[in-house]
1. Conditions: (1) at pLDDT below 75; (2) of a type in the set (Val, Ile, Thr); (3) open to solvent by less than 40 Å² (accessible area, probe 1.4 Å). Val420 meets all but one. Number of the miss?
2. Just one of the numbered conditions (1) at pLDDT below 85; (2) touching a Phe, Trp or Tyr at 6+ places or on another chain (Cβ under 8 Å); (3) surrounded by fewer than 18 Cβ atoms within 10 Å (Cβ to Cβ) is not true of Met164; which one?
3. In this structure, does Ser375 turn out to be assigned to a strand (DSSP E or B) and touching a strand residue (DSSP E or B) at 6+ places or on another chain (Cβ under 7 Å)?
4. Scanning for something under 30 Å from Met208 (Cα atoms), open to solvent by 10 Å² or more (accessible area, probe 1.4 Å) and at pLDDT 85 or above, does region 41-48 turn up at least one residue?
5. If you check Lys97, Lys64, which single one turns out to be open to solvent by 60 Å² or more (accessible area, probe 1.4 Å) and either modelled with pLDDT under 85 or under 17 Å from the mean Cα position of the chain (by Cα) (or both)?
6. Among the candidates Lys457, Lys403, which residue alone is assigned to a helix (DSSP H, G or I), outside the structural domain of Gly201 (by the TED database), modelled with pLDDT of 75 or more and more than 30 Å from Val366 (Cα to Cα)?
7. Consider only pairs whose beta carbons are under 7 Å apart and that are at least six residues apart or on different chains; among these, list those whose first residue lies in region 48-61 and is touching a residue at least 40 places away in the same chain (Cβ under 8 Å) and whose second residue is part of a loop (DSSP other than H, G, I, E, B) and open to solvent by less than 60 Å² (accessible area, probe 1.4 Å).
8. Go through the residues of region 18-39 one by one and say whether even a single one is closer than 30 Å to Met164 by Cβ, aromatic (Phe, Trp, Tyr) and buried (at least 17 other Cβ atoms within 10 Å of the Cβ).
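The values are calculated or read from the model by the stated rules, or taken from the named source; none is laboratory data. None of these values were measured; they are calculated from a predicted model. Methodologically, a virtual Cβ is constructed for each residue, glycine included, from the backbone with ideal geometry; neighbour enumeration extends over all protein chains shown. These area figures cover heavy atoms from the full protein model, side chains too; ligands, DNA and RNA do not enter into them. Shrake-Rupley method; radii C 1.70, N 1.55, O 1.52, S 1.80 Å.
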Amino acid sequence: YLIDKSDKYDSRDVERLQQDDKWVENYLIWRHDVVDDTLKMIDESFQWRKEYTVNDLSESVLPKWLFESGSLFLHGYDKEGYKLFWFRVKHHIRDPKQQLDKKKLVAFWLEHYAKRDHGKPLTVVFDMAETGISHIDLDFVRFIVNCFTDYYPNFLTKIVIFEMPWIMNAAFKIVKGWLGPEAVSMLKFTNKSDVQEYISGEYLPPHMGGTDSFKYSYPPLVDDDFQTPLCENGPITSEDEHESKEEIDADTKETVEVNEEQNLNQKKMNSVEQISKSEETDKTEIKPKNAKKALTTFKGPLLHISPAEELYFGSKETGEKKCLIVLTNVTKNIVAFKVRTTAPEKYRVKPSNSSCEPGTSLDIIVSLHGGFAASLHDRFLIMAAEMDQSSGAGIPELTQFWKEVPRTKVMEHRLRCHVVESSKPSSLTLKENTFNIPAKTNEDLHIQLTHILQINKRLQEQIDHCLWFQQLSVVLSLLSVIVVAFCFYLTYIQRS
């Protein structure tokens, strides 16, 4: 293949194939260890990768309106922990002139995720709610299917199709033909009542019966590791401010924005005040020097960051809800930093947007909010950039600085979450028990009540279906009895 078609392959793909055993293994798995079939798939996918310039696809080479349309994006996870690749069909309009760019957008997302998670499989969600004739584009659907069956080996777990219109029944019979018998088993046709068999409500939008308030917006790639837009959370605190009135007011304002119920505001404010005082006490008790010795440290060009890779949180049983990140400025200038997370509804970060003086260390407390629990899928991103000595370090200056700083001058470091079931992993894990916070807030109870009501609604629908079938069975039974009796009557008449 290489001798005959070397000009049809990208040399970077050939080099990766020779070095990446996992990639080769995925091709073999997808073709059931049949070498000839595997070689054929590699040949076809390599030619396709060069034709679509997959290795060079980036935001800058694709039209901006493609990203803004919101028809394709990655967000959330299914119940098995696989990333969700969303295709919002109602935002897709069939147009042959735009088809190539739209296909490249699919390739961009798939390649972006494949490089980040080393080919960890995806679950595709076709959200077909509110779709009509103008949205039906079999050529585009076929391309998405082919990406998984022919170009990205062992990359598909299932295809969840939500509320497919009856007009699409014939079209999807054709799609099943493209998939083949094995891949057909991956199709899951769902509606609002059963989609949560595959995806939990926390990653489903309200129109699908879920509670996820996420709304796709561009730009989604604040950091190259996450497709979900990352949001800051927690108050902005300068080095000289410790639990000032302004900080408490900022906390209260944030809490009000997150929680819509006005009658909870006073309780939230009191809770924030308790947390603020406790955090100040913890900061004085924890010694950064001892903490840094207890953990591995990432040594970046601007900041040294401890821990280097993972933040350790406890499970609901252990009750460990707080972690500490220590930043050390190793430059001769002020370094501005931001801390972002993929789950802003879960975490509070203090401070999340501030600066660090040359040669000094700064502690950042990451705490779980309310009744939420940490997840292995949650990620944190620390962004840092040098500031001029003449620049101020106040909130307005930092806001303007992040708008103007070039991306190439920003240091980025990512941290994973690790959930500890029993023992504490390090001296930097803080227990929630010391903060005198109620175990369950009204908001938590409201969420649980909503969940119970949803379950009750589904059970009621199932009961209604059962009653309908029962009534139908009774009617059919009566009809059968009447027919049999009528037949006996006719037989009796004929004999007499």
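1. The single condition Val420 does not satisfy is (1).
2. (3)
3. Values: assigned to a strand (DSSP E or B): no; touching a strand residue (DSSP E or B) at 6+ places or on another chain (Cβ under 7 Å): yes.
For Ser375, the condition - assigned to a strand (DSSP E or B) and touching a strand residue (DSSP E or B) at 6+ places or on another chain (Cβ under 7 Å) - is not met.
4. Kept after step one, since they are under 30 Å from Met208 (Cα atoms), are these residues of region 41-48: none.
No, that holds for no residue.
5. Working: Lys97 fails: either modelled with pLDDT under 85 or under 17 Å from the mean Cα position of the chain (by Cα) (or both).
One residue alone meets the criteria, Lys64.
6. That would be Lys457, the only listed residue that is assigned to a helix (DSSP H, G or I), outside the structural domain of Gly201 (by the TED database), modelled with pLDDT of 75 or more and more than 30 Å from Val366 (Cα to Cα).
7. Arg49/Asp10; Lys50/Tyr9; Lys50/Asp10; Asn55/Asp10; Glu59/Leu221
8. Yes, because at least one residue in region 18-39 is closer than 30 Å to Met164 by Cβ, aromatic (Phe, Trp, Tyr) and buried (at least 17 other Cβ atoms within 10 Å of the Cβ).
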